[in-house]
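The values are calculated or read from the model by the stated rules, or taken from the named source; none is laboratory data. As the structure is a computational prediction, the values presented were derived from the model and not from experiment. Methodologically, a virtual Cβ is constructed for each residue, glycine included, from the backbone with ideal geometry; neighbour enumeration extends over all protein chains shown.
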């Protein structure tokens, strides 16, 4: 049994009267690429936001890297935030900073490395995610959607996180770029030993990049497992989700 | 688990001039590697290591991350360039793998500076002038569009967005009443207070009525109101329209055939043109009331005396002039606020920039127009 990096136990989330999660449980092992799937409005993004402490949940427990999120001390929260990287759906790059500054911003804030070294680390991360050198001087408003995502990924990798959270990493990319992005994630996992948690809709990503996933349906976890396991499971929601005919 | 954390350091062991061992020690992580940067740098700059073979010994490295790897890869590249033979010894399998990965992905800092950075001061000034002229041109185009659609709306009054106008009258007009009345009250109070001292010296107490009423009706109330509204609404309009531009709402409207000028600008403009005269009238009353209080307290002129005197001596034209200026101010404030909103482009920064510009412009033009009105009206003898 692998070490558990994230454990989610019986999480209940309500927005007013609207129940989003009603007893959601699963766990993610170290080094896995794990997917949170489900139809629109099934609460998968909410679940991701709960794991990264952007959203509170009503009942249940979430443990990330051994820390209990409910009632976490601010010092623990601080150290957790430095051990994970988050890629938002549209990059969420700081528009007043150049690409290079965006990637180096956490290093500049948290370490005393010289500026030139930080710039080189940032450039190296940019190369890892496949961006050309001239992109470094650009500002976010001058980037395409796909480039924004790559810069966002480079920024998420800046602090060498153990855990990487991705919100719909391939949405809005053309098929070739999406495939390249999937390969990049798998390569980074293999190279850097990351654990990756992602929300996605992309069938190719689900087939080729994810090790395991859950499908959220009707406020609960419908199934947890691999693609092969899920396809074998007879349920209309799963057939709909994977667009299986018949 | 408490782990000893050691700052990164470097031990140089020269067995012979031809063979040098660099023993890396401690934590080569982003938090601790900073201390080794200069040591490494100094070593790489040495001139006597031209053709040596340099060995990086990893055996005493406690931990290493990408920051450390980048430092080492950078040194390796510099040494290789000098003609050294570089090797790595005693690295764990994982360190080896990370090193290969970072060597593959290493990129030196150099970033191509954007064209235009090195241009001389003359072209800088030239560029600013061109930008400024283009700004004026854009504004004229905007005013042209606005007049066109305003004219169209007059031809077909059915297309007027009445609900939107009412909404903006409430947001920009009704909700501004408390702050406008407070400022206007204080201004009336202060004018009367300062005037009272001087008038008392001449025994001309009763002239406080003309002084306060005329200055408030004709100049102060319209100006104060317009300045407050410029600060409140010009900024709001720029920020609203600017945000809509960034989120592509304005583009979406265009594709659906909703002309942004008709849907966004005209309602705001008409709302200000309707509400400003009303607010100015309100400010007139509150401002004069402030003066009446001072007249009562300091000059023993009762409220009834004050009002009687005002009725007898202050012509109606002063109030009318103030009320005629108000819609003009409203039009200018709305036009500037909306125009600057449409200029927003690209990033969230730009919203802040243009909001600032819009408020400064709006206040400036209110004051400038007021001066113009003052001169023209005095010249033609009103």
Worksheet entry | Flag for residue A:109 being more than 21 Å from the chain's Cα centre (by Cα), buried (at least 16 other Cβ atoms within 10 Å of the Cβ) and more than 9 Å from every other protein chain (Cβ to nearest Cβ) | no
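Per-residue answers, yes or no, for (1) modelled with pLDDT of 95 or more; (2) within 23 Å of the chain's Cα centre (by Cα); (3) at positive phi:
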site	(1), (2), (3)
B:208	no, no, no
B:228	yes, yes, no
B:235	yes, yes, no
B:243	no, yes, no
B:246	no, yes, no
Practice prompt. Take residue B:148 and decide whether it is within 26 Å of the chain's Cα centre (by Cα) and either more than 30 Å from residue B:65 (Cβ to Cβ) or within 14 Å of another protein chain (Cβ to nearest Cβ) (or both).
Written response: no
Item to complete: Tell me which residues, restricted to the range A:10-31, are under 17 Å from residue A:52 (Cβ atoms) and in contact (Cβ under 8 Å) with a residue 40 or more places away in the chain.
Response: A:11, A:13, A:20, A:21, A:24, A:26, A:28
Worksheet item: Which one of the conditions (1) in contact (Cβ under 8 Å) with a residue 12 or more places away in the chain; (2) under 27 Å from residue A:219 (Cα atoms) does residue A:66 fail to meet, given that it meets all the rest?
Response: (1)
Worksheet item: Is it fair to say residue A:93 is at pLDDT 90 or above, within 14 Å of chain B (Cβ to nearest Cβ) and either in contact with a helix residue (DSSP H, G or I) (Cβ under 8 Å, 6 or more places away or on another chain) or not in a loop (DSSP other than H, G, I, E, B) (or both)?
Response: no
Discussion item. Condition (residue is assigned to a helix (DSSP H, G or I), free of Cβ contacts under 8 Å to residues at least 12 places away in the same chain and more than 26 Å from the chain's Cα centre (by Cα)) applied to the range B:175-186: is it met by at least one residue?
Written reply: yes
Worksheet item: Scanning for something more than 22 Å from residue A:20 (Cα to Cα) and in contact (Cβ under 8 Å) with a residue 60 or more places away in the chain, does the range A:197-204 turn up at least one residue?
Response: no
Worksheet item: Restricting the range B:38-61 to residues that are within 14 Å of another protein chain (Cβ to nearest Cβ) and surrounded by 18 or more Cβ atoms within 10 Å (Cβ to Cβ), which is nearest to residue A:120 (Cα to Cα)?
Response: B:40
Discussion item. Restricting to the range A:73-89, name every residue that is surrounded by 15 or more Cβ atoms within 10 Å (Cβ to Cβ) and in a loop (DSSP other than H, G, I, E, B).
Written reply: A:88, A:89
Practice prompt. Determine if the range B:67-82 includes at least one residue that is surrounded by fewer than 18 Cβ atoms within 10 Å (Cβ to Cβ) and under 17 Å from residue B:14 (Cβ atoms).
Written response: yes
Practice prompt. Could you list all residues from the range A:172-196 that are within 14 Å of chain B (Cβ to nearest Cβ) and touching a residue at least 24 places away in the same chain (Cβ under 8 Å)?
Written response: A:172, A:184, A:186, A:188, A:189, A:192, A:193, A:194
Worksheet entry | Total residues in the range B:144-171, condition touching a helix residue (DSSP H, G or I) at 6+ places or on another chain (Cβ under 7 Å) and in a helix (DSSP H, G or I) | 10
Practice prompt. Could you check residue A:136 against (1) within 7 Å of chain B (Cβ to nearest Cβ); (2) closer than 24 Å to residue B:63 by Cα; (3) buried (at least 16 other Cβ atoms within 10 Å of the Cβ) and say which number it fails?
Written response: (2)
